[in-house]
Structures are given as C-alpha cells and as structure tokens.
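Notes follow the structure.
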Amino acid sequence: MKELTLTSREKTIELGKRIGEQLQSGDVLVLDGDLGAGKTTFTKGIAAGLAIPDIIKSPTFTIIHEYQDGRLPLYHMDAYRLENGGAADLGLEEYFDGDGVCVVEWAEFVAEELPADFLAIHFKRTADDETRILAFEPHGAHFTQIVKDVTA
Ligand SMILES: Nc1ncnc2c1ncn2[C@@H]1O[C@H](COP(=O)(O)OP(=O)(O)O)[C@@H](O)[C@H]1O
Ligand SMILES: [Mg+2]
C-alpha cells in the first residue's frame with residue numbers, strides 16, 4: 001500500500017486540499033484510524049480543495065454534516081455512533097449515489113452501503129505527537145490516479 005508521512009497538522013490539511021481539488025461528483029472517501037488520528041483534520045483540507053468556505057466540525061453527534069456552498073456538495077459523515085447497527089435505516093445510499101462528495105469517518109460501520117469505487121485512507125498515529133502515517137487503498141481507476149499523483 002502507498003503511504004505518506006505527514007509531520008504536521010498543516011501538512012495533513014494541505015494533502016486533503018490537493019486531493020479535494022481532484023474530486024468529482026459522486027466520489028466517496030472512507031477514513032479510518034483511532035480517535036485523534038487526523039480524519040477530521042484531513043476533511044478540513046478536502047473541504048478547502050472543494051472551495052467550501054465553512055468551518056468543518058466533527059459530525060460525531062449528528063452523523064452527517066452537509067456543505068452546499070463549494071464546487072460540489074460535501075457530505076461529511078461520522079459513523080462512530082452506528083457501532084451497534086442502524087446504518088441500513090439512514091438512507092446513506094442516497095448520499096453515496098448522489099452528486100456530491102462523501103467523506104466517511106469510521107466507515108467500517110457502513111461497509112455494506114459503500115459503492116464499488118472508493119478511496120480508503122488509513123490513518124496511524126506515531127510516537128511523535130505531530131506525525132501521522134496515511135496509507136492509501138484506492139478502489140477504481142480514478143482513485144488509483146489520484147493516489148499516484150499525491151504520492152509521486
Ligand atoms: N500530522 C497531523 N495530521 C493531523 N492531525 C494532527 C497532526 N499532528 C497533530 N495533529 C492533531 O491531532 C488531532 C487530530 O484530531 P482529529 O482530526 O479530530 O482526529 P480524528 O477525526 O481522527 O478523531 C488534532 O488536534 C490535530 O491538530
Ligand atoms: Mg473525527
């Protein structure tokens with residue numbers, strides 16, 4: 001798996017921005033890793049890459065935040081609270097099949113709803129507080145190309 005080491009919060013946001021600039025209608029990204037690994041921070045970069053002016057906050061309690069004021073709509077989901085089920089009742093397919101970009105934290109709880117093509121990114125903390133390792137698992141040609149570009 002291709003990996004990148006990011007030595008600061010700003011570098012993680014900058015990477016998210018580069019990826020966000022290349023995203024298209026209907027794209028789905030799934031982010032996993034421990035609490036504090038940087039998933040929401042990375043999503044701030046994705047939003048910047050989509051030219052979304054809003055401040056991105058974790059949707060842990062509401063499950064989904066929608067942002068409509070960028071180049072494409074952004075649906076930012078945090079499925080952590082679906083740990084004990086309930087994902088099937090939320091109509092998430094409508095978001096995944098829609099025109100926007102979906103970014104899902106804790107996607108293991110919505111695995112059955114995911115489309116065929118998506119980009120999974122695994123976030124790992126390191127001994128150094130400021131450093132994160134991101135491992136990329138692209139599914140489909142579009143995401144393979146994006147990963148190639150950002151890891152080149
Ligand atoms: N290289 C880095 N990348 C991302 N976040 C970092 C990095 N270094 C330190 N941090 C800090 O780690 C925390 C990550 O929190 P957050 O993005 O909310 O994680 P998660 O959504 O995975 O729970 C933030 O406080 C952020 O400032
Ligand atoms: Mg988060």
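Derived scalar couplings between HN and Hα for segment 32-40 equal 10, x, 4, 3, x, 6, x, 5, 6 Hz in order, rounded to whole Hz, by the Karplus curve 6.51 cos²θ - 1.76 cosθ + 1.60 (θ = phi - 60°), x for Gly and Pro.
Once both labels are positioned 7 Å from their Cα atoms along Cα-to-Cβ, the gap between Lys148 and Glu66 label points is 3.6 nm. Computed from label points 7 Å out along Cα-Cβ, the spacing between Lys57 and Met1 is 3.1 nm. Taken per residue, the accessible surface of segment 87-145 reaches 50 Å², heavy atoms only and a 1.4 Å probe.
Over 18 Å between Cα atoms, which of Lys17/Lys39; Lys39/Lys124; Lys2/Lys148; Lys57/Lys124 qualify?
Working: Lys17/Lys39 13 Å; Lys39/Lys124 10 Å; Lys2/Lys148 9 Å; Lys57/Lys124 21 Å.
Correct reply: Lys57/Lys124.
Taking the protein heavy atoms of segment 67-152 in the context of the full set of protein chains, the accessible area attributed to carbon and sulfur is 46 percent at 1.4 Å.
A 1.4 Å probe run over the protein chains yields, for segment 11-67, 43 Å² of accessible area per residue, whole-number rounding.
Count neighbours as other Cβ atoms within 10 Å of each site's Cβ, and list the trypsin sites (Lys or Arg not before Pro) in segment 38-147 that are DSSP loop with at most 16 such neighbours. Present the calculation step by step, with values, prior to reporting the outcome.
Numbers: sites: Lys39, Lys44, Lys57, Arg71, Arg81, Lys124, Arg125, Arg132; in loops: Lys57, Arg71.
When the trypsin sites (Lys or Arg not before Pro) of segment 38-147 are filtered for loop state and at most 16 Cβ neighbours within 10 Å, Lys57, Arg71 remain.
Determine the percent antiparallel among the DSSP beta bridges restricted to the chain, to the nearest 5. Walk me through the intermediate numbers first.
Values: 17 of 30 bridges.
Of all bridge pairs located within the chain, approximately 55 percent are antiparallel.
Over segment 36-152, what per residue volume does the convex hull of the Cα atoms give, in whole Å³?
Convex hull volume per residue, Cα atoms: 121 Å³.
Computed per residue of the chain from DSSP H runs no shorter than four, each worth -39500 (n - 2.57), the mean residue ellipticity at 222 nm is -7500 deg cm²/dmol.
Out of segment 41-105, which GluC sites (Glu not before Pro) are coil in DSSP terms and have no more than 12 other C-beta atoms within 10 Å?
Details: sites: Glu66, Glu83, Glu93, Glu94, Glu105; in loops: Glu83.
Answer in residue order: Glu83.
Across segment 102-152, Cα-Cα pairs farther apart than 17 Å form 46% of the total.
Keeping every protein chain in place, order Tyr80, Tyr75 by accessible area at 1.4 Å, biggest value first, i.e. largest first. The partial results should precede the final answer.
Values: Tyr80 95, Tyr75 30 Å².
Largest accessible area first, the residues go Tyr80, Tyr75.
The values are calculated or read from the model by the stated rules, or taken from the named source; none is laboratory data. Keep in mind that what you see is a predicted model, and the values were worked out from it rather than measured. As a convention, Cβ positions derive from the backbone with ideal geometry for all residues, glycine included, and neighbour counts pool all protein chains shown. Surface accessibility is based on the protein's heavy atoms, side chains included, excluding ligands, DNA and RNA. Shrake-Rupley method; radii C 1.70, N 1.55, O 1.52, S 1.80 Å.
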